[in-house]
1. Tell me, please, whether a residue that is in contact with a Gly (Cβ under 8 Å, 6 or more places away or on another chain), more than 27 Å from Pro326 (Cα to Cα), crowded, with 21+ Cβ neighbours inside 10 Å and among the hydroxyl-bearing types (Ser, Thr, Tyr) can be found in segment 70-83.
2. Could you please find all residues in segment 256-308 being among the aromatic types (Phe, Trp, Tyr) and over 18 Å from Thr113 (Cα atoms)?
3. Being among the hydroxyl-bearing types (Ser, Thr, Tyr) and in contact with a helix residue (DSSP H, G or I) (Cβ under 9 Å, 6 or more places away or on another chain) is the requirement here; does Thr455 meet it?
4. Among the residues of segment 239-261, is any within 25 Å of Phe142 (Cα to Cα) and not in a helix (DSSP H, G or I)?
5. Would you pick out the residues in segment 193-216 that are aromatic (Phe, Trp, Tyr) and in a helix (DSSP H, G or I)?
6. If we keep just the residues of segment 181-192 that are within 31 Å of the chain's Cα centre (by Cα) and part of a loop (DSSP other than H, G, I, E, B), which is surrounded by the most Cβ atoms within 10 Å (Cβ to Cβ)?
7. List pairs: first residue in segment 453-471 and in contact (Cβ under 8 Å) with a residue 60 or more places away in the chain and surrounded by fewer than 16 Cβ atoms within 10 Å (Cβ to Cβ), second residue assigned to a helix (DSSP H, G or I) and among the hydrophobic types (A, V, I, L, M, F, W, C) anywhere in the structure, Cβ distance under 9 angstrom, at least six positions apart or on different chains.
8. Just to be sure I understand, how many residues within segment 181-198 are in contact with a Leu (Cβ under 8 Å, 6 or more places away or on another chain) and of a type outside the set (A, V, I, L, M)?
Amino acid sequence: MDIIAHLADGFVHCLTPLNLSMLVVGIVVGLLIGVLPGLTLVMGVALALPFTYKMDVTASIVLLTAMYVSGTYGGAFTAILFRIPGEPIDVPMLWDGYTMGRKGQPSKALGWTLVSALGGGLLSAVVMVALTEPLAKFALRFSSPEYFVIVLFGLLSVVAIGKGSLANAFISMAVGILISTVGTDPIYGAHRFTLGSSLLADGIEFLVVMVGAYGVGEVLARLETGFATKPVQKIVNARTELPTWKEMGEVKGMFFRSAVVGDLIGLLPGAGATIASFVSYGIEAKFGKRKAEMGTGIAEGIIAPQAAATASVGGALVHLLALGIPGSGATAVILGAFMLHGIQPGPQVLISSSGMVYTIFASLFLGLLLMCAIGYFAIRPLVKILDFPEAVVSAYVLILCFIGALSIRNNVTDLWLIIGFGVLGYGFERMKFPVAPLVLGVILGPIAEEAFMNTMISFSGDWTVFFTRPISGTIVAFTIIVLLLPSLQKLYLRYVAAAAPIAAK
């Protein structure tokens, strides 16, 4: 009952003029980010982060969370109507959503998307409210060894679950951690890698790294192609047609399954909405009642990726609020917003700032309803934004990057730093090094270092404490399992490939 009372207070606080206006702005901007190809969800949230610097912390998190939620839905418009995925999240939407549209039912496909996003998101919000407080109470038993290994688990699980080369992901994370060490040692006060610069003595702001790597890096990548994105065919009669109660009743089982899959994947640190979308579609294609028809334009192929993608949001936020560990790239940026306001998310936040936490919970419920209402009525103007030339959009992105960099410390040096990290982010993308581990390393590196040093001081340099304490030892075991998963998967695939010819004989 305490949770319900706190949540009711959260709704009251969420309806104040400032929080409600930030919620509406976040939903609209998130939808626009989802519609614009190439402007990814994480990049959009990172670009908005500098503008929250002078804002109230609750309003800031409400804004960024609203962008996060609506960004998982907005890209479905262009995927269904134009066969242009706004994000990697929306790639599975092409296989059935666009196909259904080509069959003359784009409005129906958009209706299924809206219902899936709303249902998956609401289930996710309920799970978030139910799990965050129990997990935070359990985390109160953590000491510095446990906190170090949970941060390590968050870092390494992002690396292991991320796509592409595992070695490249490790290198990217290591570079991020190295960048985070620039400045003053938090324990002994010594200067490190400052090159005699007084500005670097204060460290490199993680916000500069994020905005540079995501924002400027993306603009440089587009510049290389000459802003050559193909113009899209205009659709005049874009609208949303909701499915009937009978149609929804026929797929309620698989809808619930997809939402649960999204929630569970969201609870895995580092997995995020993209993995949830692909995994949910894959499960339906292998085990669903109509698995043979997947890819031919059926409702199940739309529901599975969209419900899972939106449902993953709540799971990712559970880690952030209860443990202070981001569950996805977007929540890593939201963690940066907390730290920008001097707040470290984790078990103590529910004690010291419970009003703020439950306002965030309430904003997720309200945000989902607003997202669907705006998406239903404003689809035509949202799609019309595709008329803007890609070069113009990139110019605005670059301006936002520089304004954000200058607003941090009002120092021109940060402008040069953001350009430098933009070049670094562009170079990483060219050489197939993922940017997400770099950003996570910059944000979580100082937290991990401080927890490690406090452990070494408290336990007289005994490193075995990480393995001998029950909770930290269990988390270390989970971390090792996560690291071994990609290798075990490759061995299994090789075994299956080698066994297939033998079985054929």
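The values are calculated or read from the model by the stated rules, or taken from the named source; none is laboratory data. Being a predicted model, the structure only gives us computed values, none of them experimental. Cβ placement follows ideal geometry from the backbone for every residue including glycine, while neighbour counts extend to all protein chains displayed.
1. Here is the first cut: in segment 70-83, the residues in contact with a Gly (Cβ under 8 Å, 6 or more places away or on another chain) are 70-81.
The next check asks that each one be more than 27 Å from Pro326 (Cα to Cα); those that pass are 77-81.
Add one more test, that the residue is crowded, with 21+ Cβ neighbours inside 10 Å, and what stays is 77-81.
From what's left, among the hydroxyl-bearing types (Ser, Thr, Tyr): 78.
So far as segment 70-83 goes, yes, one or more of its residues are in contact with a Gly (Cβ under 8 Å, 6 or more places away or on another chain), more than 27 Å from Pro326 (Cα to Cα), crowded, with 21+ Cβ neighbours inside 10 Å and among the hydroxyl-bearing types (Ser, Thr, Tyr).
2. If the condition is that a residue be among the aromatic types (Phe, Trp, Tyr) and over 18 Å from Thr113 (Cα atoms), then Phe287 is the only one that fits.
3. Details: among the hydroxyl-bearing types (Ser, Thr, Tyr): yes; in contact with a helix residue (DSSP H, G or I) (Cβ under 9 Å, 6 or more places away or on another chain): yes.
Here the answer is yes, as Thr455 does meet what is asked.
4. Pass one, segment 239-261, residues within 25 Å of Phe142 (Cα to Cα): none.
Scanning segment 239-261 turns up no residue that is within 25 Å of Phe142 (Cα to Cα) and not in a helix (DSSP H, G or I).
5. Taking segment 193-216 and keeping what is aromatic (Phe, Trp, Tyr), we get 193, 206, 214.
If the condition is that a residue be aromatic (Phe, Trp, Tyr) and in a helix (DSSP H, G or I), then Phe206, Tyr214 are the ones that fit.
6. Ranking the qualifying residues of segment 181-192, first place goes to Val182.
7. Pairs that qualify, where the first residue is in contact (Cβ under 8 Å) with a residue 60 or more places away in the chain and surrounded by fewer than 16 Cβ atoms within 10 Å (Cβ to Cβ) and the partner is assigned to a helix (DSSP H, G or I) and among the hydrophobic types (A, V, I, L, M, F, W, C), are Ser458/Val465.
8. At the first step, the residues of segment 181-198 found to be in contact with a Leu (Cβ under 8 Å, 6 or more places away or on another chain) are 182-183, 193-194.
Then drop every residue that is not of a type outside the set (A, V, I, L, M), which leaves 183, 193-194.
Number of matching residues: 3.
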